[in-house]
Structure formats: structure tokens, C-alpha cells
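Here the structure is laid out as C-alpha cells; the discussion comes afterwards.
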Amino acid sequence: MIRKATLLSALLALTVVATAPGAAATKSVKASRATVAVSISSISPQVPTAQTDVIKFTGTLRNDTGTPQSGLRVRLRYSSQKLPDRATLATYQNDQNPATLWGIGSQNSFMDVPALAAGAQARWEFVATPVQLGYRSFGVYPVAVEVIQNGVQVMTQRTYLTYAPPTVPKLPRNKLAIALPVIDQPHRGTDRDAKSGAPLFVDDKLSQAITGKGRLADMARIAQAAPKDVTWFVEPSLLDDLDAMKNKYLVKVKDETQEKPANPEAATWLTTMRTALTGSPVVAVPYADPDVAALAHQGLDTQTGRAIELGRQKAAALLQPEVKSNINWPPAGLLDADALDLLSVSKDRVDTVLLNSTNLPPQPPVPFTPDAASTLDSVNGPVTALVADAELSKLFEPAAPTSVLLSTQRFIAETAMIAAEAGQTSPRSLVIAPSRRWDPNPTLVNALMRTANKLPWLHLTPLESIKPSKLSVPRAGLTYSDQDRKEELTAKYLDPVKEIASKAQLTSLITDAKTPSSFDAAVLRLTSSAWRNSTRAGRAVTKLVSSAVTDQTERIQITGAGPSWTRTLAGSNGAVPISVKNELGVPIVLYIDVTSNNPELLQVYFPQDAPIKIGPRQSGMVQVKMNAAGGTSGDATVTVQLKTSDKQPYGKPQRLTIRITGYTGIASVIVGAALTVMLAAVVMRVLRRRSERKLAHAAKTRENEIV
């Protein structure tokens, strides 16, 4: 029996809400805009299943006007007509016009509030049964609580009540997969600073994100409470960054570099996630979450495959060995045929993609909720497409603050309505996927997952278990608009990245072992889809990585290169030494290509059948044969280009000056001998003249003595 207002009077409680002194002025300014607010705190049971179930509604009425209010009445409003479909449900939710509110106000379930002081609140409670509310069959019914003041409606709070008695035939139990992302933006520039060897970060935002009420701390709380059937998409560069923070690291702040001590919270967060996700399906997002569509369109095809491979390796090492990489969740849940082909031909082949509903709409449109699974054709064969339900996904990430209760009631209503849609005889599949860089409310998300796990018309299942079936509806194919294309990383942004990627690859090809470039991860971080809305920050990181790659490249140099250095070619032919210094800590293998810039004066003959090997921190030298035109003397130049073992240019070409003397080696000996003889003759003549002068002087002296 519905309780009378007189029976509820004993439950009325007035509580003055204390206001901080500093907020008094603000409150007075807002008073004219504030209203009387009504909220629903609980509905129990959330899903009545029998005509005699007693349903209790509780909530509060709060006076936010700033002045005392009187003549208030709180009343339950209901309808015995169930909502016919999900579109009507959405319309009911979005339309807050009191004049269009469904149903009638209860003549029994109401409560009068004679007076309510400013800032005070009153608690209300109503009870009813499905019979009293006029419910006769399975369905979703609109319910609201309205506030009336002096006969005028001033506020309403809408929600839903799902009545679920046994049905004949029994409702199908739809499969529901929940995909939750743990994706962030890159925070590191280079893996190692050239001077200190410590990781170099471009910001220290992760320190706040993993503690307290930080975004990543909230994700860890969700992971600890989530059912084991929930599928997690984890971005490995985030794990990699946090792993680097376990030791001393550097942070770039404007033109300075600050040293940070090891962060113990980073290790704690990683341990928490590793423990919480044990036994749960985990998918590794490609390393740094690259903008796959942009890479496909801008000629950076190889980066996607490398990102998938490195992502799987890092996630397996830092999170769990069973991590998968065959499922891809593209940025914004959108891709086109080019991006799909790129994913399908990667070494770790992607055979499933998780998409936004706008990317793969039903064709023709259908009046019911389509099955989530479909099939796409790629250049490397069929790919399973899983389409997330937009409305269910939004409930996990509401656009505006909302109560856990209202979101839960909406979730129950949406999934119940899907189960009861006309014509459904077999279970369908549903997918929930909030936005990839969401900022979740742990209390809300955990409540929704608990609810999903106990509703009789839902079966929670891992994402990978959902496959196309005979229930799959025809779809229009990948729909990728011009606006979607504009959202990608641009050619202007990616062209410098492409150049850096090429240079970074050479730092690997020049080594004897051909190990992966130490800049692979840094380059992938430059391609992150996180820079779509923050290209300025992305360009700053690009500049940092470019400088590091250049420094690494210049550690292999031609000794004595530059305009002030010359090498001498004595005569018309001979050998000129060229030396290369390796300042790396690993052996290198390279070719030295020498080309004359003045072939009419100087020709170079240096056939190099095999590359030369230079040990770590050592120098290597080659003798380059050169021929000068007859009778030539003066300077000529040659260009020296270092090349990798597969003949790709390494570093910038260097110009060397060759000084041609015009004398052969034998001619030099002859000329030298002649000069020696001439010099000897001159010396002998000088000595002879000195001797003659001495003799003459001695004779004259004797004559003087005789006289």
C-alpha cells in the first residue's frame, strides 16, 4: 500500500548545510539562479520481478535558492505505459520540459514540506508495488519525482524502472563484452639522455596521475574490482614510462633539465595493475598508440608494424606474458580501408578491430540494436569488426556529472529493452567501449559492471569471444568522412618525423649486429595519436628526438674533414689516406664512397668490394688511389660519403681538399738531389773564398813584420 504523506512526516529531517565564510559572496551572487533541487538516492529493488514486490524510493529535497522556501510538495510521478524502444527512451531522458513529462502525479505518494530553510534539505521516501503502478508486463517504465510549490511544478528528476517478471518464451541472454582502455599520452622524449644516461621526460604529469584521485590511480581501483571477463586495452609506452620512473630520471623544463629521484609510486602502480589483471584478457595497444590512419596516408607504413611488435614485447615483459596484440582499437574508434590493410599485413597480424558505431553503420538502417560483430575485407583476408554500442558506452563515461543510481537505472533499462526488442529469438552480442583516453569515475564504473554481471538477460564475456554470426546485419562498410581525415596528424607534422625515422634507422644499419635502433620507441612516441589535439607539444618532442638522433649519428665521423684540412697528392698519382672514427660502444660496418668534384683535374679509383669494420671507440683507415691530370698542381676537392652495409648514405657528405704538387715521387728525388748538389757547390765556393781571404791577410801581415 502506498504510504500517505502523514506517515512520512516523521521521516522529515532538516539539516542546515554549513557554508564556508569565503564562499558567502559567491553564494549570494548565485542565489538568484539557484533552485530547489530534488534527487533520488535509492530504488530498491532495482529490478522488481513480481506484482507484489515492494519498491522503495528514497531521496532528498534541498533548498539552493539562498532564501527560505515554503509550500513545497514532493510527489512520485509514474506511467503504466512502457517505453516502446530505445529511441523513445533517449528522447524521454533528453527532454526535460515539465510539460511533456510522462505519466501522472500520484495522489497518494507525496510529501508536503511546510518550510525549508536556505541550504537545508529534507529526506523523502515513497513505496509502491508494480500493481499499484499499473505494470502488467516486462518492460521499461518512466518514473519521475517532481517538486511542486504552491501548485506550480518547479523541478523534476527523471529515471526508469524496469519490471522483469518471467516471460514466455524466456528472454535471450545477450553476450556483453566490456573493453576498458588504459591509454595515456607519451611523456618521454628519449629513452636515455646522451650525457647522464637517465631517461629524459618532457613532463612529470605521471607522478600526479598515479596517486590520490589521479586518473591512472582511478583506473587501478577499477581494475582491482572488475570482473575477470572484462577486456583491458593497455598502452605499453605508458607501462614503459612508469617502469623508467622506478629509477632516477630527468624532466625537461623549458631550457633546463631537472633531476628527479626514483618514484616508488610508479612501481606500486605497476604491481597493482599486474596483480589486478591476472586472469583477465589484456590487449596491448601498439606502442605509443600511433595514429595508424595518418601513418598509412603519409608514407610511414613500417612504423605501424614496429609499434605492434614493440607494444606486445613491452606489455608481455611489464604486465603479463599472455598479452594479445591481434585486436586493434584505432584512435577515436575510426579507420579507413588503407589503415585496415596496414594493420592486417603487420608481422603480428591484426584480425579484429574495435570500432565506433559511426564508422560501420548498418545499411539499410534497422529499427533494433544490431549485433556487434561483422566482417570486413582487407588486403590480407577477412577481419572481424566489433562495433561498440554508443549509448551503453556513454553510460560508463557520462558527459555531465550524474548519480550512480540514475546511470545504473539507465543501464538496466537500455539492456532490458535490447533483450525485449521485437523479433529477437537468439542471443545477440553487445560491446561497451568508453573513449580511449577517458577519465573514469571508479564508483560509477564498478557499479555498472557489477550490475551487468548479475542481470539475467546479460552474459558478460571477453571481447575476443564475440564473433560474426547469422544475426550479423549488413553494414555500409567503413565510413570515413573528410572531417575524420582532417582529425589525423597532418603531413606538415609527420614530414619531420619521417626524416627522423630514416636517420634513426641508419643508426641501427651502421652497426655490425644490426640490432633494432635505440630510437625506435622515441620515434613511435612522435607518431602518437595523442598529438592530434596537441601538435605544439608533439613538435617540441620531435625537436628533442631529432637533436638526439643527430648527436648519435655524428659519433661516427671522418677524421679531419672540413675546409681547413688538406691532404697532399705528390705527383700525378698516388694514395691519399682517409680515416673514420667510431665513438660508439659497438663495432660498426660501413662503406666509404669517394667522388671527385673536379674530374677534369683529379680522378678517384677506390673500388670497395667489402665494407670495413671498425671496433668500438676506434678508428679505421683506407688508402684511396687518385690520379691527377698531367702537369697539374693546385687544389681539387672530393666528396666522401659514409654508407651502411646495404649502401644507404649515413650522415652528411663531407668535402675534402686534395693538394696536387705536380711532381711524381722520382722527380721529387731528382729535384731534391739536384738542389743538394747546388747547395753543396755554393757552400764550397763560399768556403773557398773565405780561405783565400784568410791567406791574403796572413801574407800582408808577414810583410809588415819584415819591414
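The values are calculated or read from the model by the stated rules, or taken from the named source; none is laboratory data. Predicted model, so just to flag it, every value in this text is computed and none were measured. Because the Cβ atoms are built from the backbone with ideal geometry, glycine has one as well, and the counts that use them run over all protein chains shown. Just the protein is used for accessible areas: all its heavy atoms, side chains included, with ligands, DNA and RNA removed. Shrake-Rupley method; radii C 1.70, N 1.55, O 1.52, S 1.80 Å.
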If we keep only residues of the range 502-536 that are in contact with a strand residue (DSSP E or B) (Cβ under 7 Å, 6 or more places away or on another chain) and assigned to a helix (DSSP H, G or I), then the residue surrounded by the most Cβ atoms within 10 Å (Cβ to Cβ) is ARG525
Picked from the range 73-131 (must be assigned to a strand (DSSP E or B) and of a type in the set (Gly, Ala, Ser)), the residue farthest from VAL154 (Cα to Cα) is ALA128
Here the qualifying pairs (Cβ atoms under 7 Å; residues six or more apart or on different chains; first in the range 472-496 and under 30 Å from ALA372 (Cβ atoms); second open to solvent by 80 Å² or more (accessible area, probe 1.4 Å) and assigned to a loop (DSSP other than H, G, I, E, B)) come out as PRO474/GLN363; ARG475/GLN363; ALA476/GLN363; THR479/THR358
Residue count, the range 317-336, condition in contact with a helix residue (DSSP H, G or I) (Cβ under 9 Å, 6 or more places away or on another chain) and within 26 Å of ARG274 (Cα to Cα), comes to 13
Taking the range 313-337 and keeping only residues that are surrounded by fewer than 17 Cβ atoms within 10 Å (Cβ to Cβ) and modelled with pLDDT of 95 or more, one is left with GLN313, ALA317, ALA337
When every residue in the range 68-116 that is among the small types (Gly, Ala, Ser) and surrounded by 15 or more Cβ atoms within 10 Å (Cβ to Cβ) is compared, the one modelled with the highest pLDDT is SER79
**Prompt:** Does at least one position in the range 541-559 carry a residue that is hydroxyl-bearing (Ser, Thr, Tyr), farther than 20 Å from GLY197 by Cα, crowded, with 16+ Cβ neighbours inside 10 Å and in contact with a helix residue (DSSP H, G or I) (Cβ under 9 Å, 6 or more places away or on another chain)?
**Reply:** no
Log entry, pairs with first residue in the range 346-374 being among the basic types (Lys, Arg), second being open to solvent by 10 Å² or more (accessible area, probe 1.4 Å), beta carbons closer than 9 Å, six or more apart or on different chains, reads LYS347/GLY305; LYS347/ARG306; LYS347/GLU309; ARG349/ASN326; ARG349/ASN380; ARG349/GLY381
The lone condition LYS195 fails out of (1) closer than 30 Å to GLY105 by Cα; (2) open to solvent by 10 Å² or more (accessible area, probe 1.4 Å) is (1)
Subset of the range 571-609, residues surrounded by fewer than 16 Cβ atoms within 10 Å (Cβ to Cβ), assigned to a loop (DSSP other than H, G, I, E, B) and without any contact (Cβ under 8 Å) to a residue 24 or more places away in the chain, comes to PRO599, PRO607, GLN608, ASP609
Within the range 537-560, the residues that are assigned to a helix (DSSP H, G or I), in contact (Cβ under 8 Å) with a residue 40 or more places away in the chain, of a type in the set (S, T, N, Q) and farther than 22 Å from ALA296 by Cβ are SER546, THR550, GLN552, THR553
Here the qualifying pairs (Cβ atoms under 7 Å; residues six or more apart or on different chains; first in the range 319-335 and under 20 Å from ASP241 (Cβ atoms); second open to solvent by 20 Å² or more (accessible area, probe 1.4 Å) and in a loop (DSSP other than H, G, I, E, B)) come out as GLN320/THR278; SER325/ASP348
Per the filter on the range 346-357, residues at pLDDT below 95 and open to solvent by 20 Å² or more (accessible area, probe 1.4 Å) are LYS347, ASP348, ARG349
Of the residues in the range 54-67, those that are open to solvent by 40 Å² or more (accessible area, probe 1.4 Å) and in a loop (DSSP other than H, G, I, E, B) number 3
Over the range 417-448, the set of residues open to solvent by 10 Å² or more (accessible area, probe 1.4 Å), touching a residue at least 60 places away in the same chain (Cβ under 8 Å) and in a helix (DSSP H, G or I) is MET417, PRO442, ASN446
Flagged in the range 611-635 as open to solvent by 60 Å² or more (accessible area, probe 1.4 Å) and over 15 Å from PRO577 (Cα atoms), in numbering order, are LYS613, ARG617, GLN618, GLY630, GLY631, SER633, ASP635
Per the filter on the range 575-615, residues in contact with a Phe, Trp or Tyr (Cβ under 9 Å, 6 or more places away or on another chain) and of a type in the set (D, E, K, R) are ASP593
The residue that is most open to solvent (accessible area, probe 1.4 Å), considering only those in the range 213-236 that are part of a loop (DSSP other than H, G, I, E, B) and either in contact with a strand residue (DSSP E or B) (Cβ under 8 Å, 6 or more places away or on another chain) or at pLDDT below 95 (or both), is LYS213
From the option list THR415, THR479, single residue qualifying as at pLDDT 95 or above, polar (S, T, N, Q) and over 30 Å from ASN533 (Cβ atoms) is THR415
Restricting the range 137-185 to residues that are in a loop (DSSP other than H, G, I, E, B) and among the polar types (S, T, N, Q), the one most open to solvent (accessible area, probe 1.4 Å) turns out to be ASN150
Restricting the range 467-482 to residues that are in contact with a strand residue (DSSP E or B) (Cβ under 7 Å, 6 or more places away or on another chain) and among the polar types (S, T, N, Q), the one surrounded by the most Cβ atoms within 10 Å (Cβ to Cβ) turns out to be SER472
Original post:
Is one or more of the residues making up the range 24-40 outside any strand (DSSP E or B), modelled with pLDDT of 60 or more and in contact with a helix residue (DSSP H, G or I) (Cβ under 8 Å, 6 or more places away or on another chain)?
Top reply: no
Residues in the range 237-273 that are in a helix (DSSP H, G or I), of a type outside the set (Asp, Glu) and more than 20 Å from the chain's Cα centre (by Cα) total 5
Review point. Are any of the residues in the range 382-396 modelled with pLDDT under 95 and either farther than 28 Å from THR278 by Cβ or surrounded by 18 or more Cβ atoms within 10 Å (Cβ to Cβ) (or both)?
Key: no
